[in-house]
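The values are calculated or read from the model by the stated rules, or taken from the named source; none is laboratory data. Predicted, not measured: the structure shown is a model, and the values here were computed from it. Using ideal geometry, Cβ is built from the backbone for each residue, glycine included, and neighbour counts are taken over all protein chains shown. Accessible surface is based on the protein model in full, side chains and every heavy atom, while ligands, DNA and RNA are left aside. Shrake-Rupley method; radii C 1.70, N 1.55, O 1.52, S 1.80 Å.
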Amino acid sequence: MEDNGKYKILFVCLGNICRSPAAEGVMKKMSADAGLNLEIASCGLISYHQGETPDDRMLDTAERRGYPLNHRARKILGKDFAYYDMIIGMDRNNIVELKELCPKEHQHKIHIMSEYFQNVKGYTTVPDPYYGDMRDFDNVITLLEDACGGLIEKIRS
Ligand code: 4NP
């Protein structure tokens, strides 16, 4: 991959069909609105959904909240750890797996999305909505909006 000089963020979840593609969509919109020119992508820790569009429930929820998603699922690659500047997992299992896969020199790039919560109360992760209902999907977008606000502040500081 050619380096284009942009600051690069990779969002990671388990399947790459619910939380991380939504994080990608929310961050693309919010960072562009904030005047930042970032490279933003997402991937998963498993290849089960490789090539699929996001889960219909997430597509519908994100679209309704103002974030049309255009993504095909892919599994994380070894070279992602060198290429991206920040690698942000959605829950603690994501972080454990990322730390196992990541070469020592890039470990500092790994963060959990909840680090950037600003106003959210009562959550220490972005929980997996896959076995939940539509309220869980809606809540994921609320959590991601809050965290993306904090992440934008962090990048600007
Ligand atoms: P995600 O949700 O990690 O937010 O994309 C999931 C999607 C699929 C599976 C697990 C979590 N799965 O096991 O197939």
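Would you call Glu39 under 17 Å from Ala82 (Cα atoms), in contact (Cβ under 8 Å) with a residue 12 or more places away in the chain and out of contact with any helix residue (DSSP H, G or I) (no Cβ under 7 Å at 6 or more places or on another chain)? Yes, satisfied. Each residue in the range 114-157 was checked for being among the aromatic types (Phe, Trp, Tyr) and either within 14 Å of the chain's Cα centre (by Cα) or open to solvent by less than 60 Å² (accessible area, probe 1.4 Å) (or both), and 3 of them qualify. Please work out if Ser47 is surrounded by fewer than 24 Cβ atoms within 10 Å (Cβ to Cβ) and either over 15 Å from the mean Cα position of the chain (by Cα) or among the acidic types (Asp, Glu) (or both). Taking the combined requirement at face value, the residue satisfies it.
For the range 116-132, the criterion of being basic (Lys, Arg), away from the ligand (no atom under 15 Å from the Cβ) and either at pLDDT below 95 or in contact with a Pro (Cβ under 6 Å, 6 or more places away or on another chain) (or both) is satisfied by at least one residue. Considering the range 79-95, the residues that are under 16 Å from the mean Cα position of the chain (by Cα) and open to solvent by 50 Å² or more (accessible area, probe 1.4 Å) include one that is farthest from Gly150 (Cα to Cα), namely Asn93. The set of residues from the range 133-157 being more than 12 Å from the ligand (Cβ to nearest atom) and either more than 21 Å from Leu38 (Cα to Cα) or outside any helix (DSSP H, G or I) (or both) comprises Asp133, Met134, Arg135, Asp138, Asn139, Thr142, Ser157.
Counting only strands (runs of 3 or more DSSP E) wholly contained in the range 1-112, the ones carrying 3 or more residues that are within 11 Å of the ligand (Cβ to nearest atom) occupy 8-13, 39-44. Only a single criterion out of (1) open to solvent by 20 Å² or more (accessible area, probe 1.4 Å); (2) within 21 Å of Gly149 (Cα to Cα) is not satisfied by Ser31, namely (1). Whether any residue in the range 10-28 is among the basic types (Lys, Arg) and in contact with a Phe, Trp or Tyr (Cβ under 7 Å, 6 or more places away or on another chain) is what I want to check. No, the range 10-28 contains no residue that is among the basic types (Lys, Arg) and in contact with a Phe, Trp or Tyr (Cβ under 7 Å, 6 or more places away or on another chain). Evaluating Cys13 against the criteria (1) in contact with a Lys or Arg (Cβ under 8 Å, 6 or more places away or on another chain); (2) open to solvent by 10 Å² or more (accessible area, probe 1.4 Å) leaves one unmet condition, (2).
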